[in-house]
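Quick notes on the structure that follows.
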Amino acid sequence: MESAQRTCPVCTGKKVKFLQTMDFARESHCILPESYRIVECNNCGFVYDDLDADEGLFEQYYRSCTKYTSSGTGGAGGLTMIDRIRYHKLLKWLSPFLNAELIIADVGCGKGGLLRFLRENGFQNLTGIEPSPGCVEVIRHQLKMDAVCSDIKSLNSTNQFELVIVANVLEHVFNLREAVKQLSKIITPNGMIAVEVPDASRYALFPHAPYYFFDMEHINHFDLNSMRNLWSSMGFEVLAEEAETCFPVEGMENPICRLLVQKKKRQKNDGTFGIPKSNTAIPVSQYIEWSQKKAQTLPDAPDTQQKFFLWGCGAYAKWFLRNKLSARPAGIVEVDTKKVGQNVDGCPIISPEMLMTENSEKTIVMISSVLYEQQIRKQLEKLKWKGQILSACRPREEQEY
């Protein structure tokens, strides 16, 4: 066992077991760390990212992050058919506890897709809470709905809510116990909090690409046991739970788990753990082992003199660039115009239009986005790309040449 830089976000333990190091290429103007250690807490079994940073760094990152305002970002508060399916499942799960008059807040609401879906289903007392000013602008002025611009730590809403939904948020939060304290302040005495997070105990069942679930933003790796541990130790009781799946984009099924909690009526919060230790490290270690083997089969830089580009500038692209490529691409294609002109490990970020000036049978595009590979292929077809298209996410033997 060794000491962690970051105390366990669930139980504040300091002793951990090392599982894996994740190193990423450096993107200019990105303030997140380039290296993360995935560890298991020796006390409660929680799996989380140990890193040299503090919560203020992550709060600053999400306040300035632009990708969640993009219409094409999956799981960012959109209202596509895929989003609707997830919202429908969430609403069905919550239905025994709901009525149309409930005062509801969606924390980390993104562009407000869930708020719109709830309004379509008869709920009117709705508020969005979101750190991104761009998303809040969308909610207030395009959706004509109430929104508060705040992260969880700074949340100081004068309103009290009967239901607070926190979906796909807590996996990003540096200080979980402080977040629970802040959330508990904005619910009524009988208020409920519904939480949805990726389920780390089932990462290995959805092996999309090596280390896909270990990106730069998801720094907490929950299962239902660790979720119960966190909330019960902070004075809450579990009303309902479930293990499910969702699709952030079409064709990409991911494991999630949900918990609905309410403040305990009489029991004093003493910070003890009456729930068995989480054993998430076992399936996470299996996923790491699979990733290590699969990473060896991924393609390297083309072994010809052909010029090649990566398409995609997310966490997987940064891992691939830092850990797999023996040569540097001529550029990295990105649809987020605010990133164009920056660089990743010295490789310039360019737009699709800039890529088309290199449109030739001698030029190669390697798609380095796990979520959006099929969409990028369709876009390249629409652009009438002449060169070869490879995938940086799939083994060499699965490539279409």
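Each value in this text was obtained by applying a stated rule to the coordinates, not by laboratory testing. The structure presented is a predicted model; accordingly, all values stated were derived computationally and were not measured. We place every Cβ from the backbone using ideal geometry, glycine too, and count neighbours over all the protein chains shown.
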Q. Dipole of the chain (Lys/Arg Cβ +1, Asp/Glu Cβ -1, origin at the Cα centre): which of GLY387, THR363, PHE97 lies farthest to the positive side?
A. PHE97
Q: Report the longest stretch of the chain that contains none of the GluC sites (Glu not before Pro) sitting in a DSSP loop with at most 15 other Cβ atoms within 10 Å.
A: 102-216
Q: Would you please classify the overall shape of the stretch 90-210 from the alpha carbon gyration tensor, given that a ≥ b ≥ c denote the square roots of the eigenvalues, rounded means a/c under 1.5, and beyond that prolate means a/b larger than b/c while oblate covers the rest?
A: rounded
Q. Rounded to the nearest 5, what is the percent of antiparallel bridges among the DSSP beta bridges in the chain?
A. 55 percent
Q | Alpha-carbon centroids, the stretch 135-183 and the stretch 336-401: separation in whole Å | A | 35 Å
Q) Under a plain spin-label model, where a point goes 7 Å from the Cα along Cα-to-Cβ, how far apart in nm are ILE85 and LYS384? A) 3.4 nm
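Give, as a single signed number, the net charge of other residues whose beta carbon lies under 11 Å from the beta carbon of LEU19, with Lys and Arg counted +1 and Asp and Glu -1.
Summing Lys/Arg as +1 and Asp/Glu as -1 gives -2.
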Q: Convert each backbone phi in the stretch 307-323 into a coupling constant with the Karplus relation 6.51 cos²θ - 1.76 cosθ + 1.60 (shift: θ = phi - 60°), then list the ³J(HN,Hα) values in order as whole Hz, x for Gly and Pro.
A: 6, 9, 10, 8, 10, x, 10, x, 4, 5, 4, 5, 5, 4, 5, 6, 10
Q) Of LYS338/LYS386; LYS111/LYS153; LYS92/LYS265; LYS153/LYS263; LYS89/LYS144, which sit over 22 Å apart, Cα to Cα? A) LYS338/LYS386; LYS92/LYS265; LYS89/LYS144
Q | Cα-centre dipole for the chain with unit charges at Cβ (Lys and Arg positive, Asp and Glu negative), debye to 20 | A | 440 debye
Q) When the dipole is taken about the Cα centre of the stretch 54-274, and only Lys, Arg (+1) and Asp, Glu (-1) are charged at their Cβ, what size is it in debye, to the nearest 20? A) 580 debye
Q. Contour minus end-to-end for ASN121 and ASN359, with contour as 0.36 nm per residue of separation and end-to-end as the Cα-Cα distance?
A. 80.9 nm
**Q.** Three-way shape call for the stretch 54-274 based on the alpha-carbon gyration tensor, with the a/c threshold at 1.5
**A.** rounded
Q. Rounded to the nearest 500, what is the chain's calculated 222 nm mean residue ellipticity when only DSSP H runs of at least 4 contribute -39500 (n - 2.57) each, over all residues?
A. -7000 deg cm²/dmol
Q) Out of GLY314, GLY110, GLY122, any idea which swings most in a Gaussian network model of the chain, alpha carbons joined below 10 Å? A) GLY122
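First select every other residue whose beta carbon is under 14 angstrom from the beta carbon of SER95; then total the charges, Lys and Arg +1, Asp and Glu -1.
Computed value for this residue: +2.
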Q) Rounded, prolate or oblate: which fits the stretch 322-401 when a ≥ b ≥ c are the square roots of the eigenvalues of the alpha-carbon gyration tensor, with rounded for a/c under 1.5 and prolate only if a/b beats b/c? A) rounded
Q | Gaussian network model of the chain, springs between alpha carbon atoms under 10 Å - residue of LYS384, LYS307, LYS185 with greatest fluctuation | A | LYS384
